[in-house]
1. With V227, V217, V212 as the choices, which residue is part of a helix (DSSP H, G or I), of a type outside the set (S, T, N, Q), over 30 Å from D95 (Cβ atoms) and touching a strand residue (DSSP E or B) at 6+ places or on another chain (Cβ under 7 Å)?
2. Limited to the range 144-171, what total is found for residues that are surrounded by fewer than 15 Cβ atoms within 10 Å (Cβ to Cβ), more than 15 Å from the chain's Cα centre (by Cα), farther than 19 Å from A224 by Cβ and of a type outside the set (A, V, I, L, M)?
3. Residues that are closer than 22 Å to R87 by Cβ and outside any helix (DSSP H, G or I): does the range 155-164 have at least one?
4. Give the range 56-71 a look and list any residue that's in contact (Cβ under 8 Å) with a residue 24 or more places away in the chain and charged (D, E, K, R), or say none.
5. Quick check on the range 187-238: of everything there that is modelled with pLDDT of 95 or more, small (G, A, S) and more than 21 Å from I132 (Cα to Cα), which residue is nearest to the chain's Cα centre (by Cα)?
6. I need the full set of residues from the range 23-69 which are surrounded by 15 or more Cβ atoms within 10 Å (Cβ to Cβ) and assigned to a loop (DSSP other than H, G, I, E, B), in order please.
7. Scan (1) surrounded by fewer than 21 Cβ atoms within 10 Å (Cβ to Cβ); (2) among the aliphatic types (A, V, I, L, M); (3) within 22 Å of A221 (Cβ to Cβ) for the single condition L110 breaks and write down its number.
8. Using the structure shown, decide if N82 is surrounded by 16 or more Cβ atoms within 10 Å (Cβ to Cβ), touching a Phe, Trp or Tyr at 6+ places or on another chain (Cβ under 8 Å) and closer than 26 Å to V20 by Cβ.
Amino acid sequence: MARVAVVTGGTRGIGAAISVSLKEAGYLVAATYGGNDEAAKEFHDANAIQVFKWDVGDAEACAAGLAKVEAELGPVDVLVNNAGITRDAMMHKMDFDKWSAVIRTNLDSLFCMTRPLIEGMRERGFGRIINISSINGQKGQMGQTNYSAAKAGVIGFTKALAQETARKGITVNAIAPGYINTEMVAAVPQDVLEKSIISFIPVGRLGEAEEVARCVVFLAADDAAFVTGSTLTVNGGHYIT
């Protein structure tokens, strides 16, 4: 019987690539999204992957949404916490709404999504939790104190939970992508992209969403049982830890 995987923010960008790659690897996938109904419908129609809409920063919505997923697809074995937003501003110009929106979606969501699933995973003796951090959670980024703080928190969450669950057959790992060829990065002016980003990436190009997705498929596999508490950097050598 196919294992069930939930991917938050799973209908666009890196999340969409993860959802598709997990499906191709034999998983039964549920992709969640927060607001773009049109994109979610296009993704569902193109890939025949079920989509579910809720706010990943709302604990009650996550509990209800995951209960619906499990009722329709079965117990969740793999959770990919991928959903994320940016609200960039220099600290002296950042307001609390920009701060809290990013912390809520990018960090609070890990608790809201993991808490309803963790007991079931412990009881079944199997689970894979894969949290998508960022290069900017490792090195920081000017104008992104909110985003960098949240993505650094993702790594701390990963390390702590990995220790709690290791003996229960549950692995918890993080992936820290660098600059990936998505809509978000494509919005950066070309001259800025070339001079300020790509020129600092040793491999000389942006990453592709599918390259991150392949790392998720590896960490989700039964064969990855001895890998936990790790942060896998996928950044073309841009930042080496």
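The values are calculated or read from the model by the stated rules, or taken from the named source; none is laboratory data. Quick caveat, the model's predicted, so the values are computed rather than measured. Backbone-built Cβ (ideal geometry, glycine too); neighbour counts: all protein chains shown.
1. Within the list V227, V217, V212, the selection yields V212.
2. Final tally of qualifying residues: 0.
3. Looking through the range 155-164, none of the residues is closer than 22 Å to R87 by Cβ and outside any helix (DSSP H, G or I).
4. Within the range 56-71, D58, E70 meet the criteria.
5. Here the answer is G204.
6. A25, Y27, G34, I49, W54, D55, V56, G57, D58 - these are the residues of the range 23-69 that are surrounded by 15 or more Cβ atoms within 10 Å (Cβ to Cβ) and assigned to a loop (DSSP other than H, G, I, E, B).
7. (1)
8. When the stated conditions are applied, N82 does not pass them.
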